[in-house]
Protein chains: 6
Amino acid sequence: MPKTLTHYDSSGRIRMVDVSGKPPTPRRASASALVKMTPRTLRAVKRNPKGDPLEIARIAGISAAKRTAELIPLCHPLWLSHIDVQAAFNKHGVVISSVVSTTGPTGVEMEALTAVAVAALTVYDMCKAIDKGIEITDVRLLEKSGGKSGTYRAR
Amino acid sequence: MPKTLTHYDSSGRIRMVDVSGKPPTPRRASASALVKMTPRTLRAVKRNPKGDPLEIARIAGISAAKRTAELIPLCHPLWLSHIDVQAAFNKHGVVISSVVSTTGPTGVEMEALTAVAVAALTVYDMCKAIDKGIEITDVRLLEKSGGKSGTYRAR
Amino acid sequence: MPKTLTHYDSSGRIRMVDVSGKPPTPRRASASALVKMTPRTLRAVKRNPKGDPLEIARIAGISAAKRTAELIPLCHPLWLSHIDVQAAFNKHGVVISSVVSTTGPTGVEMEALTAVAVAALTVYDMCKAIDKGIEITDVRLLEKSGGKSGTYRAR
Amino acid sequence: MPKTLTHYDSSGRIRMVDVSGKPPTPRRASASALVKMTPRTLRAVKRNPKGDPLEIARIAGISAAKRTAELIPLCHPLWLSHIDVQAAFNKHGVVISSVVSTTGPTGVEMEALTAVAVAALTVYDMCKAIDKGIEITDVRLLEKSGGKSGTYRAR
Amino acid sequence: MPKTLTHYDSSGRIRMVDVSGKPPTPRRASASALVKMTPRTLRAVKRNPKGDPLEIARIAGISAAKRTAELIPLCHPLWLSHIDVQAAFNKHGVVISSVVSTTGPTGVEMEALTAVAVAALTVYDMCKAIDKGIEITDVRLLEKSGGKSGTYRAR
Amino acid sequence: MPKTLTHYDSSGRIRMVDVSGKPPTPRRASASALVKMTPRTLRAVKRNPKGDPLEIARIAGISAAKRTAELIPLCHPLWLSHIDVQAAFNKHGVVISSVVSTTGPTGVEMEALTAVAVAALTVYDMCKAIDKGIEITDVRLLEKSGGKSGTYRAR
């Protein structure tokens, strides 16, 4: 893994990484986030009678992954072959996870992270009338594979 | 503060909150996030010779706040009178904070939270070549004021 | 109701309507569309075991309404106070309807129509693996109120 | 042609189709729509002295095709090698048709349909001052070719 | 007129101007640009048999004005009451001009300039097969009115 | 180099160029622009104590290049392997330059030009409080390479 900040040139100026010479290869990344809430808030959120409150968060995460390059200034615009976002209750709140795949010259870590971050923000939006103290935490890369830097797995 | 999920109708279906009857009033919200990194990663990020690595994160956060309604499905499109995003090193990594203001019929909590989340993702993007284990944590609302539900302050 | 094409100037060139002098007033519009499918396709769509196949169409419609001014060249960018999209099975397929509200100097007919059109396209997308012959039909304005031209109701 | 809803997983949850393993192949889709108006409205629209009222609808349709993946939640972001949108008067109103091409791992049916739908909405927008009763109808796929499922032709 | 850079705070960091306290007032701005081409290129562009080559540039300019706040990082998102873009041949090439109006707490100079810049880029795009040496020049504010700083007129 | 307007069909109607048959090859384009200001304005802009006023213009230019196909109606949506935007003071004001690369079936001239145009607009936005008479000029293609039409170099 490189040990320098690739997003800066030798004079310290911000720059996009040039992937012009790199051949397209299959790449995958997964990420997760936790929307942390009190047991009382969690019970109120689950009590919603009929709908699935997490489905809209999943859709928002999938849509956001497609727009990563519009949000993160130095990300490359990519086409994506798959985006999956899951959302499930656990005892601390809502756990969000994502898997994003492409065949391209650069990885999809930012797409996976953007998906979980926006899905988590959407959960906050839908629950904020009950509790504004809900926190989004543990937004992190779980795994990435493909590309020259090989496979990364979070400890 | 309401104790029900305003984003669901009586049959449990997801819905946007109707703010048609509400008069425009001044509203403000602030939020924060932490991009947590190891001391070693933090030293490497700070060593960047000349540029200001946090300035691009601030810009990304400001730009993202303007697009909140595109990212969060049930958010109302609003005009915003001010967006400020700050980013600073502390001993745990990079602390991001935002303040967003509007005069409108609904609050700007989601705009403030979206700003810090995307600024934090941008910091991750710029540092991921050094350390993919960086985490985004403590994304939370610090304060909101204006509107019928009054002022909220995080403990 | 005016009997001339307001989107053309006196030389026949396309132009945006100037609403600079008009005071903001409450406005509302509703529209509907039908996603027409064969009885056999309709049965297959309904057989989906657990999820609600129409919920994603509703979300897509709400999101699209917010982006009407990006899609329709001569539409004014507006803020919207409410967007509701409903989707339900009837014997011909899926009926989509929308209601959009604003307080502004121009109406929201295009927002209401864009919402139902994109929701209907989303239903098509989710069912096209079963039947590519599904049609979107009867996309029309049901009602509009507010503004100088008053109330319109479809016969 | 598959006879199951590919956009749902085995538990009924909505999901994007994974096209990671599929090689890019040439694909093409065409669609059409009718903007139906009364003979009287049609005469008024045609009377526009100098401009070509259908040209802006064509541009709007081409632009919309490029943004399909932003509008339809489970569509893959793709690059497109060609988008053509035609608009012509017939005795019922304005007929819109589109052809979209790509070389990719998935089809462009939704791009072709989105193009005609948004072009039709644009025609409505430009004529609504004369007649709000105009309807968009017969939005349908005419043909698709390429990919594993082969060629489809509407009857 | 202020004689300091309002987009920087006292420590020199970039910031958005806070317009929270400012009442909405009518504002207007106009701008122009020249797409400069050789007489030979100009003749070839005019020879296009039937269509109006400048109409698409006008549409692109109008659409771009609506997206100014997405393109220019420190611009406020605004609603706009009118956007007009004109394009005409003169002996040097194509002259583009725009007028943009709003009722708001800040001006629309950037919207007027963005409109002419993108319209000019569109003219370049449509003529580049004939001559890649076409230049865009004289992009400037012609006039602005409204707001505390009053009226500006280019000399 | 073709000597006809490729963006028009034989009847003079505007059309997108069909690149379906063209193989992807490496392509590159560079462009430049000048933000022209009086010596007095230039001194005031440079006096900004701490920040780098040109860095935000660079970021805006990079972000805009990614959205070229949304702004220019007949541009193909492409993925980009590299975008670089530089901004530097000279004695006339601020010189902006860009280099954009892709591997694709069509060139990236418009992406390079859009990058410098939006970066220049951003400089204007940040300096307009001091001097509204600043002009953007000399927006032009410096060089393009790759593709059937070969290499172009501005004189």
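The values are calculated or read from the model by the stated rules, or taken from the named source; none is laboratory data. For clarity, every value in this text was computed on a predicted model and none was experimentally measured. Methodologically, a virtual Cβ is constructed for each residue, glycine included, from the backbone with ideal geometry; neighbour enumeration extends over all protein chains shown.
Set side by side, the residues F:Ile62, F:Ile96, F:Ile136 differ, and just one is in contact (Cβ under 8 Å) with a residue 24 or more places away in the chain and in contact with a Ser or Thr (Cβ under 7 Å, 6 or more places away or on another chain), which is F:Ile96.
Being over 14 Å from the mean Cα position of the chain (by Cα) and touching a residue at least 40 places away in the same chain (Cβ under 8 Å) is the filter; apply it to the stretch D:139-151 and report the residue that is surrounded by the fewest Cβ atoms within 10 Å (Cβ to Cβ). This residue is D:Lys148. Of all the numbered requirements in (1) surrounded by fewer than 24 Cβ atoms within 10 Å (Cβ to Cβ); (2) under 24 Å from D:Ser101 (Cβ atoms); (3) more than 7 Å from every other protein chain (Cβ to nearest Cβ); (4) not basic (Lys, Arg), F:Val100 misses one, and that requirement is (1).
Conditions tested, residue by residue: (1) among the acidic types (Asp, Glu); (2) touching a Leu at 6+ places or on another chain (Cβ under 6 Å).
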site	(1), (2)
A:Arg43	no, no
A:Thr68	no, no
A:Lys91	no, no
A:Gly104	no, yes
A:Ala112	no, no
A:Val116	no, no
A:Ala119	no, no
A:Asp138	yes, yes
A:Leu141	no, no
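With respect to (1) closer than 25 Å to F:Ser149 by Cβ; (2) at pLDDT below 95, the lone exception for E:Gly150 is condition (1).
Among the residues in the stretch F:96-116, are any farther than 30 Å from D:Ala60 by Cα and out of contact with any Pro (no Cβ under 9 Å at 6 or more places or on another chain)? Yes, some residue in the stretch F:96-116 is farther than 30 Å from D:Ala60 by Cα and out of contact with any Pro (no Cβ under 9 Å at 6 or more places or on another chain).
When B:Lys46 is tested against (1) at the interface with another protein chain (Cβ under 10 Å from one of its Cβ atoms); (2) on the phi < 0 side of the Ramachandran plot, only condition (1) is not met.
If you go through the stretch B:132-155 and keep only what is over 16 Å from B:Asn90 (Cβ atoms) and part of a loop (DSSP other than H, G, I, E, B), you end up with B:Lys132, B:Gly133, B:Gly146, B:Gly147, B:Lys148, B:Ser149, B:Gly150, B:Thr151, B:Ala154, B:Arg155. Yes or no: C:Thr38 surrounded by fewer than 23 Cβ atoms within 10 Å (Cβ to Cβ), farther than 21 Å from B:Asp18 by Cβ and either among the acidic types (Asp, Glu) or more than 8 Å from chain D (Cβ to nearest Cβ) (or both)? Judged against the criteria, C:Thr38 is a match. Quick check on E:Arg140: is it at pLDDT below 95 and over 30 Å from B:Thr103 (Cβ atoms)? Here the answer is no, as E:Arg140 does not meet what is asked.
Assess whether F:Pro73 counts as being at the interface with another protein chain (Cβ under 7 Å from one of its Cβ atoms), buried (at least 24 other Cβ atoms within 10 Å of the Cβ) and of a type outside the set (A, V, I, L, M, F, W, C). So F:Pro73 passes the test. Residue count for the stretch B:27-81 satisfying the condition of being more than 23 Å from F:Ala64 (Cα to Cα) and β-branched (Val, Ile, Thr): 4.
For C:Asp138, state whether it is in contact with a helix residue (DSSP H, G or I) (Cβ under 6 Å, 6 or more places away or on another chain) and more than 12 Å from C:Ile62 (Cα to Cα). No.
Evaluating E:Val94 against the criteria (1) hydrophobic (A, V, I, L, M, F, W, C); (2) under 21 Å from F:Ala115 (Cβ atoms); (3) buried (at least 24 other Cβ atoms within 10 Å of the Cβ) leaves one unmet condition, (2). Inspection of the stretch A:110-131 finds no residue satisfying the criterion of being over 15 Å from the mean Cα position of the chain (by Cα), surrounded by fewer than 22 Cβ atoms within 10 Å (Cβ to Cβ), outside any loop (DSSP other than H, G, I, E, B) and within 8 Å of chain B (Cβ to nearest Cβ).
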